[in-house]
Amino acid sequence: MSISEENITRIFLDDKELILIGTAHVSRKSAEQVKEVIEYEQPDSVCVELDQQRYQSIKDGNKWQDTDIFHVIKQKKATLLLVNMVISSFQKRMAKQMGIKPGQEMIQGIESADETGATLVLADRNIQITFARIWGNLGAWGKAKLLMQIVFSIFSNEKISEEELEKLKSKDMLDAMLQDFTENFPRLKKPLIDERDQYLSQKIKEAPGKKIVAVLGAAHVPGIKEQIYKDHNLDRLTQRPPKSKVPKLIGWAIPLFIISIIVYTFMSNPAAGTQQTISWILWNGSFSAIGAAVALGHPFAVLTAFIAAPITSLNPLIAAGWFAGFVQAYFRRPNVKDFENLSEDVSSVKGFWDNKVTRILLIIVLANIGSSLGTAIGGADVIRVFLENL
């Protein structure tokens, strides 16, 4: 019996044979090949491109029912949870089109390792550390551009055939994709691809036994082939980037500047100071309320966004969206069914707005975005009135 060597890379390192399987994360053929290779090779270890968090998520089946929405808001994780759901929805939609589970090749790797008695190695870096290093490498414009591109790509109705998906695993196509990726987000490639290539390489060659099968996204194979011969410091690769003090300083400097201008104007011209105050309240409150309304928030959530925005914009530690989200959760608290339907609802725009969980998250995010816009416009108007009354 023999197996197809397509998408398989064999590396002999010291006394070890490393067998890399380059897969597409929503490909039926990839899952079938993983099963075939592990059964044929009978490796000592099977490495999968998962960390403990994603492995547990696969085992538990994403127990959304256990999510405490109030805890999510308090921990300021609403935006992160929403982005995770949006990214997850893309894979689910693609996998549904193919008639398979997302990440089926990783699930197959786990199952085949258990069936053959191989040691399972979770070879990828913690996803939260990767996110932190990605976010730390992007400026304000880069973050906005990335979020917009993610949202637009997720809600695209573009279809892709399984044949086209399989072509994505060829080296030429991958080189072209990585080239485009580098041009669009040059800072993103290092933490998302290059660093993880190094981390995966080290974990693979440290796996116990002399024959190792590694189940990897095809995009990582070229990098791992290069990095596997080098030694990499895993502690260095898992360090969270130090937080810059600049955003915090700006966050406090802007409200202090606005308050100072309004106070000074009040002292010299009370009527102009009153005009500034009204302008600040209306611009901040209106834009934040519009954000909550666009997310189809409860009337009291919209009202809360309007009232909270002018105040929270002067304090970087709090945000209008959080208050609006709390009110929405109080009046439209998600039930078990909403959490159970999350995996299906996040695969469409309508589902995002209909599900009570994602609607709360949308209200938080859109109310905060509206408040930021209101701060910019209202602040500019405050300065305009100040200059006119010098």
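The values are calculated or read from the model by the stated rules, or taken from the named source; none is laboratory data. From a predicted model like this one, the values you see are computed outputs, not experimental measurements. Neighbour counts run over all protein chains shown; Cβ positions are idealised from the backbone, glycine included. Heavy atoms of the whole protein, side chains included, go into the accessibility calculation; ligands, DNA and RNA do not. Shrake-Rupley method; radii C 1.70, N 1.55, O 1.52, S 1.80 Å.
Where helices (runs of 4 or more DSSP H) fall wholly inside region 326-390, the ranges with 1 or more residues that are of a type in the set (Lys, Arg) and either on the phi > 0 side of the Ramachandran plot or out of contact with any strand residue (DSSP E or B) (no Cβ under 6 Å at 6 or more places or on another chain) (or both) are 336-340, 349-354, 356-388. In this entry, Asn368 is excluded by the filter for residues that are of a type in the set (S, T, N, Q), farther than 14 Å from Phe287 by Cβ and open to solvent by less than 70 Å² (accessible area, probe 1.4 Å). Of the residues in region 237-258, how many are open to solvent by less than 70 Å² (accessible area, probe 1.4 Å), over 30 Å from Leu192 (Cβ atoms) and at pLDDT 90 or above? Total satisfying the criteria: 1. Scanning region 301-325 for residues that are assigned to a loop (DSSP other than H, G, I, E, B) and touching a residue at least 12 places away in the same chain (Cβ under 8 Å) yields Ser313, Leu314, Asn315, Pro316, Ala319. Sub-9 Å Cβ pairs linking a first residue in region 46-68 that is over 25 Å from Thr238 (Cα atoms) and part of a helix (DSSP H, G or I) to a second residue that is modelled with pLDDT of 80 or more and of a type in the set (A, V, I, L, M, F, W, C), at least 6 apart or interchain, are Trp64/Val357, ordered by first then second residue.
Can you pull out every residue in region 19-41 that is modelled with pLDDT of 90 or more and outside any strand (DSSP E or B)? Of everything in region 19-41, those that are modelled with pLDDT of 90 or more and outside any strand (DSSP E or B) turn out to be Gln33, Val34, Lys35, Glu36, Val37, Ile38, Glu39, Tyr40, Glu41.
Region 219-295 holds helices (runs of 4 or more DSSP H) entirely within its bounds, and those carrying 2 or more residues that are under 25 Å from Ile307 (Cβ atoms) and in contact (Cβ under 8 Å) with a residue 60 or more places away in the chain map to 246-268, 270-294. Annotation: Lys169 fulfils all but one of (1) at pLDDT below 95; (2) open to solvent by less than 30 Å² (accessible area, probe 1.4 Å); (3) assigned to a helix (DSSP H, G or I); the unmet one is (3).
Note on region 104-132: residues that are in contact with an Asp or Glu (Cβ under 8 Å, 6 or more places away or on another chain), among the aliphatic types (A, V, I, L, M), assigned to a helix (DSSP H, G or I) and open to solvent by less than 20 Å² (accessible area, probe 1.4 Å) total 1.
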